[in-house]
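One structure is given below, encoded as structure tokens.
We did not get these values from a lab; they are worked out from the coordinates using the rules stated. None of the values given here were measured: they were computed from a predicted structure. So basically every Cβ, Gly included, is an ideal-geometry build from the backbone, and we count neighbours across all protein chains shown.
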Amino acid sequence: MTTKKIKFVLVGGFLGAGKTTLVGELAKRYSAQGKRVGIITNDQTENLVDTQNLRSQGFDVGEVSGACFCCSFDDLVATAEEFSADQIPDIVLAEPVGSCTDLVATVILPLQQLLGEKFELAPFGVLLKPSHGKRILAGTSKGRKSGFSPQAEYIFRKQLEEADYLMIGRLDQLTHDEVVDLRERVQVIAEDVPVIPVSPKSGEGVDAVMARIDDLSTPSRRLLDIDYDTYADGEAELGWVNLTASVTAADKPIDLDVLTQYLVGRIAKEVIETGEGQIAHLKVSALGGDTQAVANVVSNDSAVDVGLSAGREVTGTVQLIVNARVAMDPDNLENACRHAVASVSGEQGLDVLSVNAHSLRPGRPTPTHRVAR
Ligand SMILES: Nc1nc2c(ncn2[C@@H]2O[C@H](COP(=O)(O)OP(=O)(O)O)[C@@H](O)[C@H]2O)c(=O)[nH]1
Ligand SMILES: [Mg+2]
């Protein structure tokens with residue numbers, strides 16, 4: 001008897017590129033086709049905005065926390081297999097940590113080689129983040145400074161280099177000329193790979209991504225030539241803060257959309273005012289009862305984005321989660337987050353019942369498996 005293989009789709013891309021939004025859109029479309037979908041999120045720490053966000057959209061989400069997929073490979077496999085407890089999923093969509101690279105050698109090929117009877121690995125697609133791409137990729141050809149360190153740029157480029165196909169994200173916000181320009185720049189790095197402009201948010205271009213996922217021709221599996229010292233230095237420059245807080249208003253409803261947007265904007269302002277921080281991704285989620293809102297800031301020059309709109313006010317206690325990834329000292333980042341929560345709560349007339357925060361710099365990646373070049 002042959003058992004159906006689970007299609008395994010890894011969605012790559014830098015912090016804030018739009019991976020979670022794309023995973024949500026893909027999950028929606030596959031579910032509408034009657035397919036059973038499992039989603040796996042990943043982070044260095046617990047309390048993930050992404051997990052809550054996708055669960056609140058009704059999806060079946062497993063979380064690998066504590067380390068990236070490559071360093072917790074067995075956890076990734078166990079999480080993927082948990083979906084099979086009720087009924088084998090048709091497709092698993094997995095989002096790695098946005099500062100991770102070398103995923104072909106450490107995740108895709110090991111999964112294929114060790115568990116190829118169970119999983120069919122889709123071609124590897126990587127989302128380009130336009131706000132960072134414009135600066136980092138322009139830096140090379142014209143000798144301009146991007147504002148990012150060479151090590152952070154190194155990770156950004158390596159992520160693009162190993163893709164089987166690339167996606168230029170946020171198509172809804174780009175002009176035709178910007179798309180042409182970004183396409184030219186990414187093809188310098190990844191010469192012959194297909195490039196798909198896509199807007200995970202509006203859905204434009206997502207059909208073309210699904211066609212790539214279903215492409216039966218053998219993926220190229222580009223193994224990187226990568227220096228782990230530079231990679232580790234690039235990751236270690238990031239400050240990582242996960243903060244949770246409970247807030248409440250004595251006698252009035254709380255507008256979750258206003259609260260998340262206001263808070264994420266304030267954290268961004270505090271970070272920028274320190275003069276040291278380069279924002280990679282700030283996410284704030286607010287959960288009241290079963291209603292959730294998410295707001296994001298993805299770079300120092302970006303406005304506040306609505307990740308998920310609650311669309312209504314709630315009463316009672318609201319749980320806030322802040323996930324901040326910024327190139328700056330993690331202690332200073334934690335202070336900025338704590339300060340923003342306190343001052344925004346004060347201004348909005350909210351009582352803060354509790355605050356817990358965890359800050360770190362990601363440790364050196366030590367993959368469980370690595371397929372040599
Ligand atoms: N305008 C626009 N915003 C987007 C698009 N894709 C993602 N975003 C927003 O960008 C922010 C970061 O997206 P997210 O999916 O969390 O990025 P991730 O860190 O790669 O998972 C969120 O506020 C999203 O709503 C898009 O196609 N267009
Ligand atoms: Mg995400």
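Largest GNM mean-square fluctuation among A67, A208, A280, using the chain with Cα springs under 10 Å: A208.
Under 16 Å from a label point set 7 Å out along the Cα-to-Cβ vector of H358, the amide N atoms of region 34-51 belong to 41-51.
If you place +1 on the Cβ of every Lys and Arg, -1 on the Cβ of every Asp and Glu, and leave all else neutral, what size is the dipole of the chain about its Cα centre, to the nearest 20 Debye?
520 debye
For the chain, the 222 nm mean residue ellipticity estimated from helices alone, with every DSSP H stretch of n ≥ 4 adding -39500 (n - 2.57) and the total spread over all residues, rounds to -11000 deg cm²/dmol. Of D229, D172, the sequence from fewest to most neighbouring Cβ atoms within 10 angstrom is D229, D172. A crude spin-label estimate for the pair A211 and T366, with each label 7 Å from Cα along the Cβ direction, gives 4.6 nm. Ordering I226, I39 from the fewest to the most neighbouring beta carbons within 10 Å gives I226, I39. For the listed residue pairs K4/K283; K158/K283; K4/K158; K118/K283; K19/K269, the alpha carbons are over 28 angstrom apart in K4/K283; K4/K158; K118/K283. Here the residues I213, I279, I196, ranked from fewest to most Cβ neighbours within 10 Å of their Cβ, fall in the order I213, I196, I279. Proximity of backbone amide H atoms, modeled 1.01 Å from N, is registered between I91 and K7, R36, G38 at under 5 Å, excluding neighbours fewer than 5 places apart on the same chain. Helix 73-82 and the longest principal axis of the C-alpha atoms of the chain enclose an angle of approximately 80°.
Shape of region 6-233 from its Cα gyration tensor (a ≥ b ≥ c, root eigenvalues): rounded if a/c is under 1.5, otherwise prolate when a/b > b/c, or oblate?
Because a/c hits 1.5 or more and a/b exceeds b/c, region 6-233 counts as prolate.
Across region 231-329, the relative contact order, built from alpha-carbon pairs under 8 Å that are at least six residues apart, equals 42 percent. Between D227 and L114, the distance separating the two model label sites (each 7 Å from Cα on the Cα→Cβ line) works out to 2.9 nm.
Here region 1-68 and region 148-201 have alpha carbon centers that stand 22 Å from each other.
Taking every alpha-carbon pair under 8 Å whose residues sit at least 6 apart, the chain reaches a relative contact order of 20 percent.
The calculated FRET efficiency for A32 paired with S220, based on their beta-carbon distance and R0 = 41 Å, is about 0.85. Oblate is the label for region 107-177. Its Cα gyration tensor axes, ordered a ≥ b ≥ c, give a/c of at least 1.5 and b/c at or above a/b. Note on E347 and D172: with the Förster distance fixed at 35 Å, the Cβ-Cβ geometry gives a FRET efficiency of about 0.65.
Averaging 1/r across all pairs of distinct Cα atoms in region 239-360 and inverting the result yields a Kirkwood radius of 14.0 Å. Converting phi to 3J(HN,Hα) with the Karplus coefficients 6.51, -1.76 and 1.60 and the offset θ = phi - 60°, region 342-351 yields 5, 6, 5, 4, x, 5, 8, x, 9, 8 Hz in sequence order, with x at every glycine or proline.
Here the contact order of region 115-186, divided by its residue count and restricted to Cα pairs under 8 Å and six or more residues apart, works out to 44 percent.
Counting only DSSP beta bridges with both residues in the chain, what percent are antiparallel, rounded to the nearest 5?
Working: 40 of 67 bridges.
Approximately 60 percent, going by the DSSP bridge assignments.
Of E334, E191, E161, the residue with the greatest mean-square motion in the GNM of the chain, using alpha carbon springs below 10 Å, is E191.
For the pair N335 and I88, label points projected 7 Å from Cα toward Cβ lie 5.5 nm apart.
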